[in-house]
Amino acid sequence: MQIVDGLLRIKRIRESAREQDVLRERRALDAATEALERAVEHRRRRDEARQTQEQQMVARLCAGPVKVREIEWTRVDIDGLRQEADKDRTEEEGVRARREEARDVLRAAQQVHRAAVRASEKFQLLADRERESRLEAMERQADLELEEFRVRAPESELEAAA
């Protein structure tokens, strides 16, 4: 019985550790989600700023006479803004991928935790059955001893009477 109880204790410790893993991974997922929200907002603000800047550049060109080289510089500047936008989207996609990875790790931790819970439950059932079996055996032993006492008692009374 001590072995089963010891194993049950070990299973419960492991279950508790897996539960802590789930909590840690849930916090990591929350952090990754917040990072994604910040990245989306950052990209949105930068996109708005780039769009405003691009509109100002085009408006400046349209405001009056310009030289060919000014058009070329504006085109290069606009290309630079679009490259920055591409870079921001790539960074956002990386953050999104990290969040998905955190979600996958959380799911895996939850599966491991469920397996640990099932193992603990199985050992709890085993321990309960072992206790019941031991109690039944003790009751049978007590019944046998009581029956043996009843059988011996009348003989003792006969000998005492004689």
Inset, instruction - For ARG134 and ASP5, calculate 0.36 nm times their separation in residues minus their Cα-Cα distance, and state this gained length in nm to one decimal. - result: 45.1 nm
Legend entry - Selection from THR90, ALA31, CYS62, by position along the positive dipole direction of segment 2-161 (Cβ): CYS62
Inset, instruction - Note down the magnitude of the dipole of the chain about its Cα centre, charges +1 on Lys and Arg C-beta and -1 on Asp and Glu C-beta and zero elsewhere, to the nearest 20 debye. - result: 1340
Inset, instruction - Would you mind classifying the chain by shape? Square roots of the alpha carbon gyration tensor eigenvalues, ordered a ≥ b ≥ c; an a/c under 1.5 is rounded, otherwise it is prolate if a/b is larger than b/c and oblate if not. - result: prolate
Legend entry - Label zone at GLU145 (point 7 Å along Cα-to-Cβ), backbone N below 20 Å, segment 1-31: 1
Legend entry - Residue among SER120, ALA137, ILE78 farthest towards the positive dipole end of the chain, charges placed on Cβ: ILE78
Legend entry - Selected from ARG45, ARG103, ARG60 as most flexible by GNM, with the chain as the system and alpha-carbon contacts under 10 Å: ARG60
Legend entry - Top of GLN83, GLN111, GLN124 by mean-square fluctuation, Gaussian network on the chain, Cα under 10 Å: GLN83
Inset, instruction - Compute the acute angle (0 to 90°) between the alpha-carbon long axis of helix 68-161 and the principal axis of greatest extent of the alpha-carbon atoms of the chain; round to the nearest 10°. - result: 0
Legend entry - R0 of 30 Å, Cβ-Cβ distance ARG82-ARG24: FRET efficiency to nearest 0.05: 0.15
Inset, instruction - Please determine, in degrees from 0 to 90 and to the nearest 10, the orientation of helix 2-62 with respect to the longest principal axis defined by the Cα atoms of the chain, where the helix direction is its Cα long axis. - result: 10
Legend entry - Efficiency of FRET between GLN51 and ALA97 - r from beta-carbon atoms, R0 30 angstrom, step 0.05: 0.70
Legend entry - Alpha carbon centroid spacing (whole Å) that separates segment 1-30 from segment 64-86: 60
Inset, instruction - Could you please rank SER16, SER120, placing first whichever residue has the fewest other Cβ atoms within 10 Å of its Cβ? - result: SER16, SER120
Inset, instruction - Pop a pseudo-label 7 angstrom from the Cα along the beta-carbon direction at both THR33 and LYS122 and give the gap in nm to one decimal. - result: 3.3
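Where a number appears in this text, it was derived from the coordinates with a stated rule and is not lab data. The shown structure was predicted, so the numbers you read here are calculated from the model rather than taken from an experiment. Every residue, glycine among them, receives a Cβ derived from its backbone with ideal geometry; neighbour counts consider all protein chains shown.
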